[in-house]
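The values are calculated or read from the model by the stated rules, or taken from the named source; none is laboratory data. Every value quoted in this text rests on a predicted model; they were computed, and no experiment measured them. Methodologically, a virtual Cβ is constructed for each residue, glycine included, from the backbone with ideal geometry; neighbour enumeration extends over all protein chains shown.
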Amino acid sequence: MSQKEVHWKLTVDEYEVHDSPESWTSPLPSPHPSPPATPHPSPNLPLPATLELHPALTPDHALQLDLSFPSDAFRRNPQLTQALLNEPACSPPRTDLYVRIAAGLYKAKLGVQHADGPPGQPVTVGDVLTVVQHALRQYDHGTGPPEAAPYMRRRIATVNGYCEHRSAGAKAAGIAAERASGGRMADHLLGYTQFAGLTREVGQPDHCWELALQIPPRYAKL
């Protein structure tokens, strides 16, 4: 399992955009002198999580972020304030988290650690979003699967969707840059590129999470 560390500080600019797990409790002390048996949860019930994710990373309050946009546009999302990005990704804080992505034709498990400062710093909200977005924006080297081609073309054609105040020349340059770069791993998601929060990965330790994704408006017409 490889871990990826990405040095990327998200900033705020003019960019426009359209469970709290209960603690596992022990039974009351037994009045009998013999110690009570250790309770075991039913195998049919989900294991209780000991980590509580930051609300912005949960499905109920997930930030509306399209992970297939270029990094410069992604960083300008006004939801991504520096204060939010610097907050711990979970409580209690952890120095590492794992995020599994499985959508469309893409599968990966990403290790997340804090990008800045000495080792052993708590993972932040910004660290999680950075690692996931960076992985999906990686180049699709070689010949990509044919199923991904329509989504690549749609991604390129709609790259200026949130850039209303840019000049015509800047918009044309943006499309040209996306076209020149060719396929991205985000195209393998087959349109499921909108962040919809993290859910506990079934059967894994409490620092292992799975990325939930939705189809954003830019891919809805395919």
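So here's what we get for this one:
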| item | result |
| --- | --- |
| Residue that is nearest to the chain's Cα centre (by Cα) [pool: residues in the stretch 114-147 that are among the small types (Gly, Ala, Ser) and more than 25 Å from LEU63 (Cβ to Cβ)] | GLY120 |
| Test: residue in the stretch 162-172 that is in contact with a Phe, Trp or Tyr (Cβ under 9 Å, 6 or more places away or on another chain) and either modelled with pLDDT of 95 or more or not in a loop (DSSP other than H, G, I, E, B) (or both) | no |
| Among (1) under 13 Å from the mean Cα position of the chain (by Cα); (2) at pLDDT below 95; (3) of a type outside the set (A, V, I, L, M, F, W, C) - the single one GLU210 does not satisfy | (2) |
| In the stretch 178-206, residue nearest to ALA62 (Cα to Cα) [restricted to those that are in contact with a Pro (Cβ under 8 Å, 6 or more places away or on another chain) and part of a helix (DSSP H, G or I)] | HIS188 |
| Qualifying residue in the stretch 167-185 (condition: surrounded by 15 or more Cβ atoms within 10 Å (Cβ to Cβ), basic (Lys, Arg) and more than 15 Å from the chain's Cα centre (by Cα)) | yes |
| Selected residue [modelled with pLDDT of 95 or more, among the polar types (S, T, N, Q), crowded, with 21+ Cβ neighbours inside 10 Å and under 16 Å from LEU198 (Cβ atoms)] from THR58, THR124 | THR124 |
| Counted residues, the stretch 115-161 - those being farther than 16 Å from ASP96 by Cβ and part of a loop (DSSP other than H, G, I, E, B) | 12 |
| Failed criterion for GLY191 (all others in (1) surrounded by fewer than 19 Cβ atoms within 10 Å (Cβ to Cβ); (2) modelled with pLDDT of 95 or more; (3) at positive phi hold) | (1) |
